[in-house]
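Report on the following structure.
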Amino acid sequence: MSYKSPLLSLPGAVPAEAPDEGVAAHYGDLFREQRTLADGGGLVDLSHRGVVTVTGEDRLSWLHLLITQHVSELEPGRATEALILSAHGHIEHALYLVDDGATTWMHVEPGTREALIAYLESMKFFYRVEVADATAEYAVVHLPAGSIAEAPEGTVVRETPYGRDLFLPRAELESFAASHGPVVGVLALEALRVEAHRPRVGLETDHRTIPHELGWIGTAVHLQKGCYRGQETVARVHNLGKPPRRLVFLHLDGSEVHLPGHGTPVRLAGEEEGRQLGFVTTSARHHELGPIALALVKRNVPVDARLVAGDTAAAQEVVVEP
């Protein structure tokens, strides 16, 4: 049976679509919800995301060998993010981590935890670590930057410039939402994510995406650390070349009724049925900026080129330098 958050029973809740099924897209007023988040209020139900824990005295040194981030000396309470790459350097998983001094906690994209756990289990060898799926016991709740809400005592918190992610016991999800609301849908959080140019695995990535294309070098990929799977590609592109594609931010024509969906072709304006230069990865309606999107385009697309996303005119802003 597919997951359904208890917060979907709140008044006005409209279920989200893939990849966020199971939680609310919004609760009746998308722009009001965005403004609430931007002002530091409310909370976002992310209880559909997977929660994975790693315990054992070797956990940080072991993870350090597998992921793109430097975590061997990760301090308790310090949030970080990391990727797991294929042998060819393509992005497979994004991990949003924090260590509490005894356990490393991470939340991951919906539907990816099983494959992640299988990979981690296959790499345990002689290391003193235990990997567990904690999704049934813990739910992720997001509090925006500036929120004055207090996490319940003992709750593991991952604090970032964009807000706090709480690993909240599922039994407390409804009571926490009732006392710290209003609850805000994931579409509001997605609009702010697009505004901040932050990529998301499964939306901004496809089967051949490498970290350089999305601006993940430095934030999720540490360039001064030991070997990990896919490191050769990371080092080669960083030192000797350029990625084949780059992430861009698009201001979309506000007169269009429909937003271009994920995968919509991006072409040069004025070239009807012209050569495809890339595709839309995420689009959103922003409470101040209007319709916006992220797109992945070929690296050599001029930064001042006028583009169209499907039938919608689009002006680009550089996210990753060509």
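Size check on the chain: the Cα extents along the three principal axes, sorted descending, read 59, 52, 36 Å. Straight distance only, please: which lysines reach the Cα of Lys242 with their own Cα at less than 18 Å, same-chain residues fewer than 8 apart left out? Straight-distance partners of Lys242: Lys298. Accessible surface area normalised per residue over segment 72-118 is 39 Å², counting heavy atoms of protein chains with a 1.4 Å rolling probe.
Put simply, the convex hull of the Cα atoms in segment 224-322 casts, on average, a shadow of 8.0 nm². Sorting His222, His258 by accessible area puts them as His258, His222; the probe is 1.4 Å, largest comes first, and only protein heavy atoms count. Only DSSP H runs of four or more residues enter the estimate; each adds -39500 (n - 2.57), and after division by the residues of the chain the mean residue ellipticity at 222 nm equals -5000 deg cm²/dmol.
All other residues whose Cβ lies under 13 angstrom from that of Leu214 are scored, Lys and Arg at +1 and Asp and Glu at -1, for a net of +2.
The residues neighbouring Leu37, those whose beta-carbon lies less than 15 Å from its own, together hold a net charge of -2 under the Lys/Arg +1, Asp/Glu -1 convention. Cα centroids of segment 142-167 and segment 173-198: 12 Å apart. Ranked from largest to smallest solvent-accessible area, with a 1.4 Å probe on the protein heavy atoms, Ser72, Ser175 come out as Ser175, Ser72. Basic side chains Lys and Arg get +1 at the Cβ, acidic Asp and Glu get -1 at the Cβ, and with that the dipole of the chain about its Cα centre reaches some 880 debye. Protein heavy-atom surface of segment 24-92, 1.4 angstrom probe: 45% of the accessible area is carbon and sulfur, with nucleic acids and ligands not counted.
Protein heavy-atom surface of segment 162-262, 1.4 angstrom probe: 55% of the accessible area is carbon and sulfur, with nucleic acids and ligands not counted.
Near Ser283, within a Cβ-to-Cβ distance under 14 Å, what is the net charge of the other residues, with Lys and Arg +1 and Asp and Glu -1? In short, -4. Averaged per residue, segment 156-251 has 42 square angstrom of accessible surface, using a 1.4 angstrom probe with ligands and nucleic acids left out. In segment 118-261, a dipole from Cβ-located charges (positive for Lys and Arg, negative for Asp and Glu) runs towards its positive end, and of Thr209, Gly226, Tyr138 it is Gly226 whose Cα lies farthest in that direction.
The values are calculated or read from the model by the stated rules, or taken from the named source; none is laboratory data. Note that the structure is predicted; figures quoted are calculated from it, not measured. Cβ: placed from backbone, ideal geometry, glycine included. Neighbour counts: every protein chain shown. Protein only, heavy atoms only, side chains kept; ligands, DNA and RNA dropped before computing areas. Shrake-Rupley method; radii C 1.70, N 1.55, O 1.52, S 1.80 Å.
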